[in-house]
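What follows is a single structure, written as structure tokens, with notes after it.
The values are calculated or read from the model by the stated rules, or taken from the named source; none is laboratory data. None of these values were measured; they are calculated from a predicted model. Backbone-built Cβ (ideal geometry, glycine too); neighbour counts: all protein chains shown. All accessible areas refer to the heavy atoms of the entire protein, side chains included, with ligands and DNA or RNA removed. Shrake-Rupley method; radii C 1.70, N 1.55, O 1.52, S 1.80 Å.
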Amino acid sequence: MAVGVSIQHRLFSRKTSLIYCIPRKIALNGVCIQRVGERQNVRASTNAAGENQHSEKYCLNLVRSRDYEGFLSCLLLPEEARRSSLALRAFNVKDSVSQKTIGLMRMQFWKTAIEEIYRDDPPNQPVSTELWKAVKTHGLTKRWLMRIVTEREKDLDDRAYKNLQELEKYSENTQSSLLYLLLECLGVKNVHADHAASHIGKAQGIATCLRATPYNSSRRKVYLPMDICMLHGASQEDFIRGSREKNVRDVVFDIASQAHVHLEHARSFSHNVPAAATPAFLPTVVLEDYLQRVRKADFDVFHKSLLNRNPLLPFQLYLRSWKKTY
């Protein structure tokens, strides 16, 4: 009888150990699967963070190397708008192309990219990724982005502007549109701020056309308004040769004066512009600096002093940012 009880006890013990063993194995397997899943999640989040940092750094380096003045202005924006403004500046960087066909392909890429960005399906490209984040964060207006691309596409014709009004229209559609987007990044919706952005953008575009004249002339290209050149009897060849004659300087004077008129008009109603909008207008420091220097050079657009970067620019931008004026 004792032997029977002993055998029964051993059988019961074996069954019990098997019963307890099975859930342990299942539990261990479950823990392993969970840990593998956690590792995969960590890797995915690490990769996403790495891609996130890569796209941000790419835009920052692009703007720093191709639009240094814009880069300095971005650094002085409020933190919540800084990253988005760098994305917009990177998007606005203008590439020089040797063939119109290549330029048209790039413009078509950006038209398609903008459509995909607003469908929450941005291309796998750093600037597009950062631009998509900016759109999601600040609800940027699609029309301003498309207007920049469309106007750049028209500009691929590679010809001089017929008149000053045509240059102003180009400036409005590109530089002013960028300022409208920067105002949206700052959360500013104000008709006076938009009005100021329109005139500041025009002034910037006109001044940029002047500043680029020495470089363009070295490539035998002249884009200055033809009506003003004809008014003073200055030919494209005069600019290609780097002439410093009075008629050439008169052309520069007229164009620079128009940029100054737009800047002063934007400042005339600055008391109606909210202080929150002024960081978007920091590029007026650069604009004013160039207009003053070209005046000191007696409107000689080829003067060597105009080719040097202003070493005090970072301090001047900071001071203007602190004053909250433009």
Subject >> Whether the range 273-318 is rounded, prolate or oblate, judged on the alpha carbon gyration tensor where a/c under 1.5 counts as rounded >> reply: prolate
Original post:
Contour minus end-to-end for Asp157 and Asn124, with contour as 0.36 nm per residue of separation and end-to-end as the Cα-Cα distance?
Top reply: 8.9 nm
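Taking the solvent-accessible surface of protein heavy atoms with a 1.4 Å probe, what is the per residue accessible area of the range 159-325 in Å²? Please report the intermediate quantities before stating the final value.
Values: 7960 Å² over 167 residues.
Ligands and nucleic acids excluded, the figure is 48 Å² per residue.
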Original post:
For the range 178-212 and the range 276-326, what is the separation of their C-alpha centers, rounded to whole Å?
Top reply: 15
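Over the range 55-157, average the accessible area per residue using a 1.4 Å probe and give it in Å², no decimals. Don't skip to the answer; put the middle values down first.
Working: 5280 Å² over 103 residues.
Ligands and nucleic acids excluded, the figure is 51 Å² per residue.
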Original post:
By a straight-distance test (C-alpha under 29 Å), which lysines pair with Lys221 as possible cross-link partners, with residues fewer than eight away in the same chain excluded?
Top reply: Lys94, Lys100, Lys111, Lys154, Lys162, Lys169, Lys202, Lys246, Lys296, Lys304
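How much FRET efficiency would the formula 1/(1 + (r/R0)^6) give for Phe109 and Glu245, where r is the Cβ-Cβ distance and R0 is 35 Å, rounded to 0.05? Walk me through the numbers before you get to the answer.
Details: r = 43 Å, r/R0 = 1.23.
After rounding, the FRET efficiency stands at 0.20.
Report the charge-dipole magnitude of the range 55-157 in Debye, nearest 20, computed about the Cα centre from +1 at each Lys and Arg Cβ and -1 at each Asp and Glu Cβ.
Values: 18 positive and 15 negative charges, 13 e Å.
Dipole about the Cα centre, nearest 20: 60 debye.
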**OP:** Report, to the nearest whole %, how much of the accessible area of the range 159-325 belongs to carbon and sulfur atoms, 1.4 Å probe, protein only.
**Re:** 54
**OP:** Quote to one decimal, in nm, the extra length available between Ser270 and Asp95 on full extension: 0.36 nm per residue of separation minus the C-alpha distance between them.
**Re:** 59.6 nm
Original post:
Per the 1.4 Å probe, what fraction of the accessible area of the range 55-157, in percent, lies on carbon and sulfur atoms?
Top reply: 49
Subject >> Estimated distance in nm for a label pair at Asn52 and Met146, the labels positioned 7 Å out from Cα along Cα-to-Cβ >> reply: 3.1
Original post:
Which residues in the range 289-326 place their backbone N less than 15 Å from a point set 7 Å from the Cα of Asn61 along the Cα-to-Cβ direction?
Top reply: none
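What ranking, highest mean first, results for peptides 106-118, 254-266 when packing means the other Cβ atoms within 10 Å averaged over each residue?
Working: 106-118: 16.6, 254-266: 19.0.
With the highest mean Cβ count within 10 Å placed first, the list reads 254-266, 106-118.
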Subject >> Cα gyration tensor shape of the range 203-326, rounded if a/c is under 1.5, else prolate or oblate by comparing a/b with b/c >> reply: prolate
Original post:
How long are the three semi-axes of the equivalent ellipsoid for the range 134-284, computed from the Cα gyration tensor as the root of 5 times each eigenvalue, in whole Å, largest first?
Top reply: 31, 18, 11
Subject >> In the range 149-241, the chymotrypsin sites (Phe, Trp or Tyr not before Pro) that fall in loop regions by DSSP, at most 13 other Cβ within 10 Å >> reply: none
Original post:
How big is the gap, in Å, between the Cα center of the range 235-253 and the Cα center of the range 113-171?
Top reply: 33
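In square nanometres, what is one fourth of the surface area of the convex hull spanned by the alpha carbons of the range 209-268? Could you put the intermediate results ahead of the total?
Details: hull surface 16.3 nm².
Projected over every direction and averaged, the Cα hull of the range 209-268 covers 4.1 nm².
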**OP:** With a cut-off of at most 11 other beta carbons within 10 Å, and DSSP calling the residue loop, which trypsin sites (Lys or Arg not before Pro) in the range 134-227 qualify? Please list them.
**Re:** Arg159, Lys162, Lys189, Arg219, Arg220
Original post:
Using 0.36 nm per residue, how much length does the chain from Lys136 to Gln236 gain when fully extended, once their Cα-Cα distance is taken away?
Top reply: 31.4 nm
